[in-house]
Amino acid sequence: MMIILVLLLASASVGLAIGVVFFHALAVVLASPLVAFLSAAVLLHYGFGLGGVVLITAESLVALQGFYVLGAAMSYLTSDD
């Protein structure tokens, strides 16, 4: 159970960092397959079934992209332009 929380927190952190620092959709497009592959590999290593791997990987991607949007919004709202 703890590995699921760690994966979701890591995905959310990466998404927030990309949104705040890079503010480009291309960065999140490039990070998404990496996050999906790494989370699936970690979950399979820890013995999760295929159904669980698919669901948790999808949740990791949702966390990545959701926090990217949050970071991009924060960056846009705090900019001086």
| query | Roughly how many percent of the accessible protein surface of segment 5-49 is carbon and sulfur, given a 1.4 Å probe and a whole-percent answer? | reply | 83
| request: Compute the accessible area per residue over the chain, keeping the other protein chains in place, probe 1.4 Å, unit Å². | output: 65
| field | Rg ratio (alpha-carbon, reference 2.2 N^0.38 Å) - the chain | value | 1.17
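The values are calculated or read from the model by the stated rules, or taken from the named source; none is laboratory data. As the structure is a prediction and not an experimental result, all values here were calculated from the model. Surface areas here come from the heavy atoms of the whole protein model, side chains and all, with no ligands, DNA or RNA. Shrake-Rupley method; radii C 1.70, N 1.55, O 1.52, S 1.80 Å.
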